[in-house]
6 protein chains.
Amino acid sequence: MHRAVCPGSFDPVTYGHLDIVGRAARLFDQVTVAVLVNESKSGLFTVPERIDMLSQAVADLDNVEVVSFRGLLVDFCKEHDIAVIVKGLRAVSDFDHELQMAQMNSSLAAVETVFVPTSPQWSFLASSLVKEVARLGGDVGDLVPSYVVDRLKQRLAE
Amino acid sequence: MHRAVCPGSFDPVTYGHLDIVGRAARLFDQVTVAVLVNESKSGLFTVPERIDMLSQAVADLDNVEVVSFRGLLVDFCKEHDIAVIVKGLRAVSDFDHELQMAQMNSSLAAVETVFVPTSPQWSFLASSLVKEVARLGGDVGDLVPSYVVDRLKQRLAE
Amino acid sequence: MHRAVCPGSFDPVTYGHLDIVGRAARLFDQVTVAVLVNESKSGLFTVPERIDMLSQAVADLDNVEVVSFRGLLVDFCKEHDIAVIVKGLRAVSDFDHELQMAQMNSSLAAVETVFVPTSPQWSFLASSLVKEVARLGGDVGDLVPSYVVDRLKQRLAE
Amino acid sequence: MHRAVCPGSFDPVTYGHLDIVGRAARLFDQVTVAVLVNESKSGLFTVPERIDMLSQAVADLDNVEVVSFRGLLVDFCKEHDIAVIVKGLRAVSDFDHELQMAQMNSSLAAVETVFVPTSPQWSFLASSLVKEVARLGGDVGDLVPSYVVDRLKQRLAE
Amino acid sequence: MHRAVCPGSFDPVTYGHLDIVGRAARLFDQVTVAVLVNESKSGLFTVPERIDMLSQAVADLDNVEVVSFRGLLVDFCKEHDIAVIVKGLRAVSDFDHELQMAQMNSSLAAVETVFVPTSPQWSFLASSLVKEVARLGGDVGDLVPSYVVDRLKQRLAE
Amino acid sequence: MHRAVCPGSFDPVTYGHLDIVGRAARLFDQVTVAVLVNESKSGLFTVPERIDMLSQAVADLDNVEVVSFRGLLVDFCKEHDIAVIVKGLRAVSDFDHELQMAQMNSSLAAVETVFVPTSPQWSFLASSLVKEVARLGGDVGDLVPSYVVDRLKQRLAE
């Protein structure tokens, strides 16, 4: 049984994230989507809100669960018997930083990292860009699920 | 008639910016230099000050105007009947981020982005670097017009 | 009047090339697609065959013509009063090489180069890859026009 | 049951290859190391010789088999019920080319590609470099298994 | 007599830094490790603390001294008769930024920059990553000297 | 006494090469320009012709000598008591390949590699590009010394 984790902030989930989670779910037996709790940086959405949107988004994937975690990702992996971290790769600037993280994690514990190329159609997509476009009144309906569009509108109107 | 926009912060304008604006002015019929108003981030110079320095710098280019804008760049383009965004490309790290923005803009509206390579002699130039050097007492007279040098000295002495 | 050139080998034309030519045709008044005659390297198709396929592909673009050229691209530009070279950018490895060519051309003559980002959906596409896949029996019907598929089958069966 | 393939030329196998194959064997249930038969390019070693060295190198990995293949990799995957291609990533220049191949393969068939970062200590290693060093009399004993060192000496002395 | 400088924040020193300083000490007659005093950004350790740890780390290198500096690096070089800046290169994203700094410095004064590739085993190492791992309770004993581990524990417990 | 080597094909020498050799001559006590004899690949110029042009080009640099070498560069370094290899870095694609070579050389022997950034004005320059432009009748007088221009004309007319 091979368990994988898809870690991230998911503030909020985009179709780019779902593309990667869907691929991970086809490649490994069990996939945990883990929302990083970062105490020093508050997001647009709370962690429970992010988990809520994610759970709705992966509802049709039987072998995927959504949880939050704090602390070192490699410690989380050891506790949950997870052998592999799955990350999406969009561009070269991702690559350098992700490789650095992968090698650090591999030096800290026997946890592998695999990179999955994002579908070309989502290669430009990032949560930060979605929030910026939404904030400036742009239409993000092609980039995130409809219930995320609604929550973005609601939150940005507060 | 092909209209182009050169968007940016221009805080302050450098010879690198002017290199790109000059090329755009030779390639397109009308060029709008658009200074982004970013409410969440104050610059060293106010937007009117930046527009003032830019206007002086492009005074000899007949088909170039300088304006400010807020909101989404693609909305600005649609309102002003602009079909193309012109960006300078200095280095690979520019490329990744700029490509992401270009693809996002192209997904939001029918606006093209073209990249113009910066002259090798300005390939290292950035407003942030100019400000840092000026702040530490370095001579930036080869990097920005003389009236920008004066304004930098004045502002940093305040 | 702004004239542009899209140079290349086009051996054979792909949907990636057509994406770039179509964008150039919207950005400039007149576009010349120029097939490089390379005497030291024979292609899968002859230059007239490539021009034939290209001409069919751009038939609906009023301001585009297809020609061959030999010699230096900057000399071709000067002879035809062309002020700008348009190149597609797919990936970082393109970027380095294309930037080198752009700077060389700019040092040889007053000819600008602009880079147009390829649509994400064609970002992996290259004539050499199309030929390799076709040679190994793969279906390239989503990557090139149908008459190019037919010519590929015919040529590879010879 | 998740089956993976590690494709390549393996001319000859290096510790860098074995690093990737070992990781794949921990991540997937069954791993096929597939030596590409390239009729238009002869290697230093024949395909049977390469398979022979590889088989010796992976003898202690229970879920790994070594075979040759010709034709399209995605066709090989479909015939052998393999859902994922595993590639090592050493550097940025690898990344661009590999991403292009991954997206082409994904457009041709429902086959995923995952990238596994090479251990830093092998990040500079390539079969071509090993052959060049061996040819010039350098010691490659730290880069390939001892029986590969012997075969290299033998072959280069012929 | 060739003098070199290794500039940086060193907050705190890692084995990656020491790898570069050691190489510089073999290549040049005299090496100055210069800790940048950045008034607008406070570190985890004070500048005297960083100098203290660095001095301990380079105690066995006869031709290396550790100092602090403020202002422009090129001014520091001129004052101390230093002709070359030595920087480590880990990855491509380093490269772009470092090249920009090198060209800016070379435009400001006749000071050369040379880049030394970091040992593969430290290619993922950065002070910021070490601090983050230590903060989350990870073991950084393989990444920094033991007295740095102690100081990190002490400081993060405050 | 620190000795350095600038290895390469130099077929023929360009102002880009001379930029790097000149910097090396300021940074190290003694610099050897080493022309690689590659038996499997003939150049446009013979090795003695390349050495002849190089010698003329570095005649005014007292601490620079020009020689040819065959075999492994690290063996050449050990024989000549050279501790450091100096390479120019123009672009990211250089970086990856050069880093690979540097790490291979460092694994084979205790020889360091340092990278020197090429002046922006020569960042697009390569011998292969110079030869291609000259072959097509372009003017390369700004890119190589005048006696190299003459030799290129002569050789290409043969």
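The values are calculated or read from the model by the stated rules, or taken from the named source; none is laboratory data. Just so we're clear, the structure is a prediction, and the values are computed from it rather than from any experiment. Don't worry about glycine lacking a Cβ; one is built from the backbone with ideal geometry, like all the others, and counts go over all protein chains shown. Note: areas computed on protein heavy atoms with side chains; ligands, DNA, RNA excluded. Shrake-Rupley method; radii C 1.70, N 1.55, O 1.52, S 1.80 Å.
Just a few scattered comments:
- Here the 3J(HN,Hα) profile of the range F:9-24, calculated from phi with Karplus coefficients 6.51, -1.76 and 1.60 at θ = phi - 60°, is 8, 6, 10, x, 4, 10, 5, x, 4, 5, 4, 5, 4, x, 5, 4 Hz, Gly and Pro shown as x.
- Relative to the dominant Cα principal axis of chain E, helix E:146-157 is inclined by about 60°.
- Other copies of A:S40: label-to-label distances in nm, shortest first, labels 7 Å along the beta-carbon direction: 1.9, 2.0, 5.1, 5.4, 5.5
- Between the amide H of C:T113 and those of C:I85, distances stay under 5 Å, these residues lying 5 or more places away or on another chain, with hydrogens modeled in the peptide plane.
- From phi via Karplus (6.51, -1.76, 1.60), per-residue ³J(HN,Hα) for the range E:79-89 in Hz, x at Gly/Pro: 4, 9, 6, 9, 9, 8, 9, 10, 10, x, 10
- Relative contact order (percent, whole number), chain C, Cα cutoff 8 Å, 6+ residue spacing: 29 percent
- Taking a ≥ b ≥ c as the square roots of the eigenvalues of the Cα gyration tensor, the range E:16-103 is rounded, since a/c falls below 1.5.
- For B:S55, the point set 7 Å out from Cα toward Cβ sits 5.3, 5.7, 5.7, 6.5, 8.1 nm from its twins in the other copies, listed from shortest up.
- Mean Cβ neighbour count within 10 Å, used as a protection proxy, ranking A:149-158, A:59-68, F:4-13 highest first: F:4-13, A:59-68, A:149-158
- The residues of the range C:10-67 expose, per residue, 42 Å² of accessible area to a 1.4 Å probe.
- Between the range F:52-130 and the range A:40-109, the Cα center-to-center distance that results, in Å: 43 Å
- Ordering of D:31-43, E:114-126, C:101-113 by packing [mean C-beta count within 10 Å, highest first]: E:114-126, C:101-113, D:31-43
- Summed over both chains, the area buried between B and C is near 2200 Å², taken from the accessible surface of protein heavy atoms with a 1.4 Å probe.
- Too-long pairs where the Cα-Cα distance tops 26 Å, listed order kept, from E:K41/E:K131; B:K41/C:K87; C:K87/C:K131; D:K153/F:K87: B:K41/C:K87; D:K153/F:K87
- Other-chain or far-sequence residues with amide H under 5 Å of B:T14's (modelled H): none
- Shielding by partners, peptide B:23-36 (average Cβ within 10 angstrom, other chains): 2
- Residues in the range A:128-136 carry Karplus couplings, in order, of 4, 5, 4, 5, 5, 5, 4, 4, 8 Hz; the curve used is 6.51 cos²θ - 1.76 cosθ + 1.60 with θ = phi - 60°, and Gly or Pro positions show x.
- Per-residue mean of foreign Cβ neighbours for E:110-116 is 6 (Cβ atoms of other chains, 10 Å radius).
- Two numbers describe the Cα atoms of the protein assembly as shown: Rg and Dmax, which are 28.4, 78 Å.
- Accessible surface of chain E [probe 1.4 Å, protein heavy atoms]: carbon and sulfur percent: 47 percent
- Rounded if a/c under 1.5, otherwise prolate or oblate - chain B, Cα gyration tensor axes: prolate
- For chain E, a simple Cβ point-charge model (Lys and Arg +1, Asp and Glu -1, everything else neutral) yields a dipole of about 220 debye relative to the Cα centre.
- Counting Cβ atoms of other protein chains within 10 Å of each residue's Cβ and taking the mean over peptide F:133-142 gives 4.
- For the range C:3-43, the square roots of the Cα gyration tensor eigenvalues, ordered a ≥ b ≥ c, give a/c of at least 1.5 with a/b no greater than b/c, which places it in the oblate category.
- Other-chain or far-sequence residues with amide H under 5 Å of C:V33's (modelled H): C:C6, C:E65, C:V66, C:V67
- Placing a label point 7 Å from Cα along the Cα-to-Cβ direction at A:E158 gives distances to the equivalent points in the other copies of 3.6, 3.6, 6.8, 7.2, 7.8 nm, listed shortest first.
- Residue-averaged [θ]222 nm for chain F, counting only DSSP H segments that reach four residues, each worth -39500 (n - 2.57): -13500 deg cm²/dmol
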